[in-house]
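Note sheet for the following structure.
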Amino acid sequence: MFTQQPNHPTTLTHVISSTNLVLASTLTLALSGCMSDDNNSNGQAIVEGAYAVQTHASDYSSSQVAIGNITGDRSVQQQLFSATSTSYTLASDANWLYRIGQYGIDTISRYDATSSLSTPEWTYTTNDDGDSSANTYTLVHQDDQYGWLLRYGANSAWKVDTTATSEADFKVAEIDLSDYRVALDGYSTEPNMVDAAIDNNQLFILTQRYGIDGNNTAYVVVYDLDTLTEVDTDTQTDGLKGIPLTVTNPGTLELLNGQLYIAARGDYGSNSGGLDVIDTTTYAVSNLIDGTTFADLNDTSAAAPQYYHVKDIAVVSHQQAYVNISVEAGWSSVASYLYEINPGSDKATITTTANAIDVNSLMTNSVSNPEDSYSLGDITIDNNQRLWIAITNATQPGLLVLDTDTNSQNGDVISLDLVPDTIVFLTDELTAQ
């Protein structure tokens, strides 16, 4: 079901990938001063490509954004968008940076990184009147004008006009995902949409459907972008029209050439997560990682049983990808592992051929006072085919960059003041509006 706002067309002729990976060659970044929620008077702008990282204090007392060059001198400018809340994330498309206020904040602001990172073009609400908190997870661009807001705490995703000059014109349409709500013993939760991608003029929305017990089937819901109607991905089966996943509690979706790679952490008390791959033409699902793939990492004999979880995936090609594996005891992290895998192989082959990348050794050789081990967060690939890794240790937060052809370190570790959350990329190439 969808609701169309008046005076806005739904047919779009220029559809692009939702990826935020952008062209970056030799880069120069011009930044001056810093900004906060209370004082945004100092102007910043990029003159070439850049990375931007949302960060938070280890005690969750504050947050800020850090920005630097993708190549060459990666010296970082920190303390941008300083705030006392940590409920923020970032999204990007070309030269546009979006700062998203999540739970309890429910705003989105757009900045032209080539002009100023202190003054937003606009700031609009992400809440409907009846929403307690939309808790928006990300914005996925459909083309240079339109995008989709994935609202974790609501039943609908919004189609928005990112060029709108007034809040009244921002929300263009919405699609209703309330069929994917989970109801248990009178308790109902939203579909929990966390990510999306666009391919073949279709919008693929990843929903957790985690619910109160964490055992519900997660789905990818598919919508036709011309008609804004849901696609029935299996006409031979009754029930929900979306694509059921084999893994639970998914969090990351990556699109590459007709394949959707979905990383799922699973329940906190088991390793029910893994890695699924969806063919965007046939909607077929293949499972590449499950609870047995890295079974040696589990320790069920411990006083607090330890299980591995697939936290994130970064895809270089259909033959090369990286997965961030976190070993945890309940809510506590025990260890992090980074594996290089061939997603074009089958599950049995991945179990025997996964290549462990020794991040601890790389960090030990790069910092003056190395820690015993390092925790990993967001991982992503830039357009130079380099892997960016968020190092989330409270005392040594930073970014590690690897050349994916050799798995060797590229440049110095980028030291950060606060713990990194989300990494996005920006380019100085202006998009047509």
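The values are calculated or read from the model by the stated rules, or taken from the named source; none is laboratory data. In this text the structure is predicted, and so the values were computed from the model without any measurement. Every residue, glycine among them, receives a Cβ derived from its backbone with ideal geometry; neighbour counts consider all protein chains shown. Side chains are part of the model used for accessible areas, which takes the heavy atoms of the whole protein and leaves out ligands, DNA and RNA. Shrake-Rupley method; radii C 1.70, N 1.55, O 1.52, S 1.80 Å.
Quick notes
- Scanning the stretch 90-115 for residues that are within 23 Å of ASP382 (Cα to Cα) and outside any strand (DSSP E or B) turns up ALA94, ASN95, ALA113, THR114, SER115.
- The stretch 394-406 - residue that is open to solvent by 30 Å² or more (accessible area, probe 1.4 Å) and part of a loop (DSSP other than H, G, I, E, B) and, of those, nearest to SER87 (Cα to Cα): ALA394
Let's see how each residue does on (1) aliphatic (A, V, I, L, M); (2) open to solvent by less than 10 Å² (accessible area, probe 1.4 Å); (3) part of a strand (DSSP E or B):
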residue	(1), (2), (3)
PRO120	no, no, no
THR123	no, no, yes
ASP143	no, no, no
GLY147	no, yes, yes
GLU174	no, no, yes
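- Checking each residue in the stretch 279-296 for being over 10 Å from THR246 (Cα atoms) and of a type in the set (Asp, Glu) picks out ASP279, ASP296.
- Leading residue by the ranking (farthest from LEU150 (Cα to Cα)) among those in the stretch 162-172 that are open to solvent by less than 10 Å² (accessible area, probe 1.4 Å) and not polar (S, T, N, Q): ALA164
- Tabulated pairs, the stretch 273-299, first assigned to a loop (DSSP other than H, G, I, E, B), second of a type in the set (A, V, I, L, M) and open to solvent by 10 Å² or more (accessible area, probe 1.4 Å), C-beta under 8 angstrom, 6+ apart or interchain: THR280/LEU255; THR293/ALA354; PHE294/ALA354
- Complete set of residues in the stretch 230-253 that are within 24 Å of ASP290 (Cα to Cα) and not in a loop (DSSP other than H, G, I, E, B): ILE243, PRO244, PRO250, GLY251, THR252, LEU253
- Unmet criterion (only one of (1) in contact with a strand residue (DSSP E or B) (Cβ under 6 Å, 6 or more places away or on another chain); (2) surrounded by fewer than 18 Cβ atoms within 10 Å (Cβ to Cβ); (3) modelled with pLDDT under 95) for ASN42: (1)
- Taking the stretch 274-316 as the range and being open to solvent by less than 50 Å² (accessible area, probe 1.4 Å) and under 21 Å from ALA390 (Cα atoms) as the test, the residues that pass are GLY274, LEU275, TYR308, HIS309, VAL310, ASP312, ILE313, ALA314, VAL315, VAL316.
- Just one residue in the set SER92, SER63, SER109 is farther than 22 Å from LYS159 by Cβ and open to solvent by less than 30 Å² (accessible area, probe 1.4 Å); that residue is SER63.
- Reported count of residues in the stretch 180-194, each being at pLDDT 95 or above and surrounded by fewer than 23 Cβ atoms within 10 Å (Cβ to Cβ), is 1.
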